[in-house]
Amino acid sequence: MRQSKGSVYTNLKRLSDMLFSLPALIFLIPVYLLISFLQLVFNKGDVFFVQQRIGYQNQSFNIVKFTTMKPGSALRGPGMITLLNDSRKTRLGKFLRFFKLDELPQLLLVLTGKMSLVGPRPLPEEIFSQYSDEVKSKIYTVRPGITGMGSLVFRNEEQYLFDHAENPKRYYEEIIAPAKGDVELWYLNHRSLSTDFRILFLTGWYIVFPKSNLLYKVFHNLPSGIN
């Protein structure tokens with residue numbers, strides 16, 4: 001029986017995830033050790049951040065990242081939402097977040113099949129619940145990703161929330177969540193290995209050139225997010 005186009009894509013994506021994540025995990029061992037040591041020194045032993053997220057087929061799983069926030073941050077300020085220059089970030093955390101190094105432990109989740117390199121970001125239930133019913137029913141029909149189209153379009157999300165700091169939770173719920181949902185649905189309708197590879201390239205590109213407008217030159221029909 002011939003495989004469908006979607007099935008071929010899914011299998012090839014899973015294969016590419018494994019072929020990339022395993023050598024990357026091995027190659028990055030010195031980086032993991034260095035970051036862990038710095039976390040022990042500067043964050044008093046608080047190395048990893050573990051939190052329950054919504055993942056594939058809307059099933060919960062634990063995401064693991066390097067800690068970037070001070071203890072108890074989720075119970076203070078805007079809660080799950082992070083603002084630009086958020087005082088709850090640690091000094092080392094600011095560096096890790098800027099270069100996306102806090103995401104590195106998720107490579108293990110890619111290897112085990114809980115996540116993919118590219119896909120919608122896995123969200124806490126509190127934020128996931130702010131999506132429309134349509135988005136909630138579709139977004140995790142694919143594995144969540146370390147990076148994705150939503151991550152690229154809303155790479156300045158912390159700035160948007162900072163600009164509306166008088167009520168960032170309401171702004172997220174009424175403005176960002178619907179716009180981000182549209183972007184994630186766009187990805188589901190246009191996903192392919194070509195799209196995924198371009199997203200991976202642009203993720204690295206924006207670390208080096210954060211003010212670039214290359215995204216909309218690469219993807220011409222992409223929803224604009226927030227203007």
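The values are calculated or read from the model by the stated rules, or taken from the named source; none is laboratory data. Every value quoted in this text rests on a predicted model; they were computed, and no experiment measured them. Every residue, glycine as well, gets a Cβ built from its backbone with ideal geometry; the counts of neighbours run over all protein chains shown.
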Mind listing just one residue for me: the one in region 104-139 that is more than 17 Å from Val183 (Cβ to Cβ) and among the acidic types (Asp, Glu) and, of those, modelled with the lowest pLDDT? Glu126
Val41 passes all but one of (1) in contact (Cβ under 8 Å) with a residue 24 or more places away in the chain; (2) surrounded by fewer than 12 Cβ atoms within 10 Å (Cβ to Cβ); which number fails? (1)
Every residue from region 146-178 that is of a type in the set (A, V, I, L, M) and surrounded by fewer than 18 Cβ atoms within 10 Å (Cβ to Cβ): Ala165, Ile175
In region 74-191, which helices (runs of 4 or more DSSP H) lie fully inside it and hold 1 or more residues that are more than 27 Å from Tyr216 (Cα to Cα) and out of contact with any Leu (no Cβ under 7 Å at 6 or more places or on another chain)? 91-98, 106-112, 125-128, 133-138, 168-171
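Residues checked against (1) more than 30 Å from Arg191 (Cβ to Cβ); (2) outside any helix (DSSP H, G or I); (3) aromatic (Phe, Trp, Tyr):
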residue: Lys13; (1), (2), (3): no, no, no
residue: Leu38; (1), (2), (3): yes, no, no
residue: Lys44; (1), (2), (3): yes, yes, no
residue: Phe49; (1), (2), (3): no, yes, yes
residue: Phe61; (1), (2), (3): no, yes, yes
Pairs please, first residue from region 55-72 and touching a residue at least 40 places away in the same chain (Cβ under 8 Å), second anywhere and in a strand (DSSP E or B) and aliphatic (A, V, I, L, M), Cβ atoms under 6 Å, 6+ apart in sequence or on different chains. Val64/Val50
Which of the residues that make up region 75-88 are at pLDDT 70 or above, charged (D, E, K, R) and out of contact with any strand residue (DSSP E or B) (no Cβ under 6 Å at 6 or more places or on another chain)? Asp86
Among (1) free of Cβ contacts under 8 Å to residues at least 12 places away in the same chain; (2) in a helix (DSSP H, G or I) - the single one Asn213 does not satisfy: (2)
